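Report on the following structure.
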Amino acid sequence: MSRNISRRAWRVWQRNVDVYRVTWIVNFLPPLLEPVLYVLAFGLGMGSLIGVVTYQGAPVAYLRFMVPGVIAVAIMFWSYFETTYGSFVRMYYQRTFDAIVATPLTVEDVIAGEWLWGGTKSLMAGGLMTGVMALFGQVDWPWGLAVPLLAVLGGLFFSALGLVTTAVTPKIDTFNVPMFLLIFPMFLFSGTFFPIDILPRWAMLLAEALPLTHVSYLVRGACLGQAPPHWALSIVYLLVGTPLVTALAVRLMRRRLVK
């Protein structure tokens with residue numbers, strides 16, 4: 001992590017919060033309504049066809065299994081999209097970054113502020129969706145209180161991953177490439193909608209290497225009230241991986257912004 005990052009990075013975060021507050025009602029609707037749609041589709045629809053799945057050797061209703069996966073996906077999407085499309089628009093089209101670095105803030109402060117804001121978006125999405133799912137009786141308490149902490153941990157990882165993508169993306173249309181090659185496969189094969197132990201061994205090992213798999217493990221453990229498999233490994237994965245990806249994001253974004 002760069003030594004040029006100061007507490008003034010929170011001013012960038014505050015700027016994004018102020019902008020977000022202007023349209024907060026529209027922005028809050030997706031995390032509030034998405035869980036309802038998922039419960040209807042997977043609970044009354046697909047869930048009635050599948051019934052139960054075997055998870056950690058015990059039968060679990062499919063809706064109960066799927067709900068944590070949906071929350072994990074929201075944690076990834078909200079931070080990754082914020083620091084890809086959102087940051088790119090602020091950097092390239094609105095020239096917001098240029099205006100900020102004309103003040104006493106450094107380039108690294110801008111990058112850190114964007115990274116913190118991405119993690120904050122995951123916290124909002126994870127917290128809101130967990131609250132709505134709890135109304136449907138799909139979250140075990142008090143273990144569900146761990147979900148916001150996991151949202152921050154996973155959100156900061158994907159926020160940094162989004163900044164790495166933004167740093168090497170020449171045009172906004174190019175975001176379709178990492179979306180197709182990385183984000184969409186993680187959405188499908190990270191244990192979000194089915195247990196990955198039913199996959200062939202090579203595919204299961206590949207899925208275990210994906211960050212969303214570990215976020216899914218931890219969020220599912222919190223929602224079901226039982227320790228996930230290899231929970232310590234998943235926490236170490238995120239605790240070690242987040243600063244590494246963040247340091248890479250700061251380096252690449254600085255190279256792009258300072259020419």
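Is it the case, given these coordinates, that Val19 is open to solvent by 70 Å² or more (accessible area, probe 1.4 Å), at pLDDT 80 or above and not polar (S, T, N, Q)?
yes
Quick one: in segment 206-259, of everything that is open to solvent by 40 Å² or more (accessible area, probe 1.4 Å) and of a type in the set (D, E, K, R), which residue is farthest from Val60 (Cα to Cα)?
It comes out as Lys259.
Of all the residues that make up segment 167-209, how many are within 27 Å of Arg90 (Cα to Cα) and assigned to a helix (DSSP H, G or I)?
Total meeting the criteria: 16.
Answer yes if at least one residue in segment 100-114 is open to solvent by 40 Å² or more (accessible area, probe 1.4 Å), among the β-branched types (Val, Ile, Thr) and at pLDDT 95 or above, and no otherwise.
no
Could you please find all residues in segment 142-189 being loosely packed, with under 15 Cβ neighbours inside 10 Å and aromatic (Phe, Trp, Tyr)?
Across segment 142-189, the qualifying residues are Phe180, Phe184.
Answer yes or no: is there a residue in segment 77-90 that is farther than 30 Å from Leu257 by Cβ and hydrophobic (A, V, I, L, M, F, W, C).
no
Only one of (1) open to solvent by less than 70 Å² (accessible area, probe 1.4 Å); (2) assigned to a helix (DSSP H, G or I) fails for Ser6. Which number is that?
The failed condition is (2).
I need every pair where a residue in segment 192-210 that is more than 19 Å from Gly241 (Cβ to Cβ) and free of Cβ contacts under 8 Å to residues at least 24 places away in the same chain has its Cβ under 9 Å from the Cβ of a residue that is among the small types (Gly, Ala, Ser) and open to solvent by less than 30 Å² (accessible area, probe 1.4 Å), sequence separation at least 6 or different chains.
Taking only residues 6 or more apart or on different chains, the pairs are Asp197/Gly191; Leu199/Ala207.
The values are calculated or read from the model by the stated rules, or taken from the named source; none is laboratory data. Here the structure is a predicted model, which is why all the values come from computation and not from measurement. Neighbour counts run over all protein chains shown; Cβ positions are idealised from the backbone, glycine included. Note: areas computed on protein heavy atoms with side chains; ligands, DNA, RNA excluded. Shrake-Rupley method; radii C 1.70, N 1.55, O 1.52, S 1.80 Å.
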